[in-house]
Amino acid sequence: LTVSYLHNKYGNIQLPAVLGFFGGSRFVPIVSSFSAIFIGAIFFLIWPTFQGWLVSAGNAIAGLGAIGTFLYGFLLRLTGAVGLHHMIYPLFWYTELGGVATVAGQTVTGAQNIFFAELADPNHVGLFTEGTRFFAGRFATMMFGLPAACLARY
């Protein structure tokens, strides 16, 4: 959005003859670089608050049991179309929100890490743990979603 706005504003700018090469559309990447630094500074200031909200929501979802699993899946489907699901699932797959387990004498955190540690442990029986609930309903779309999208485009 920022670059689109800057292109509309500065896309036809006329610079002095000495700098004429950098005029017009070539000026947009230059001004975009400086505006990105400014926007990055703003996000540096506001991100800790936003991250706190995400962690609080994650703690609430992780503590709700089966309802939390439903809410997690619902939020993934709701945000998946625009790519925002990448803000939700890593909280559970890779951090303590996904669970903490002792597998083969080692403490493992995160749902995906727990699952793979249990899978690799020859003494572990069964693969259902509290952490695997955050994989519910995901693997069918992971395994067959991309081939189906390719077939749809074909």
Q. For Leu45 and Ile13 in the same chain, what is the full-extension length gain: residue separation times 0.36 nm, less their Cα-Cα distance, in nm?
A. 8.3 nm
Q: Using +1 at the Cβ of each Lys and Arg and -1 at the Cβ of each Asp and Glu in the chain, identify which of Phe144, Asn123, Gly105 lies farthest towards the dipole's positive end.
A: Phe144
**Q.** From the coordinates shown, Rg and Dmax of the Cα atoms in Å corresponds to which of (i) 23.1, 75; (ii) 29.3, 102; (iii) 16.2, 52
**A.** (i)
Q) Taking only Cα atoms, what is the 0 to 90° angle, nearest 10, from helix 139-153's long axis to the longest principal axis of the chain? A) 40 degrees
(Q) Taking the 0 to 90 degree range and rounding to the nearest ten, how far is the long axis of helix 27-62 tilted relative to the main principal axis of the chain, both from C-alpha atoms? (A) 20 degrees
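FYI, it's all coordinate maths here, none of it is from the lab. It should be emphasised that the depicted structure is a prediction, and the values quoted were computed from it without experimental measurement. Glycine also receives a Cβ, built like all others from the backbone with ideal geometry; neighbour counts cover every protein chain displayed.
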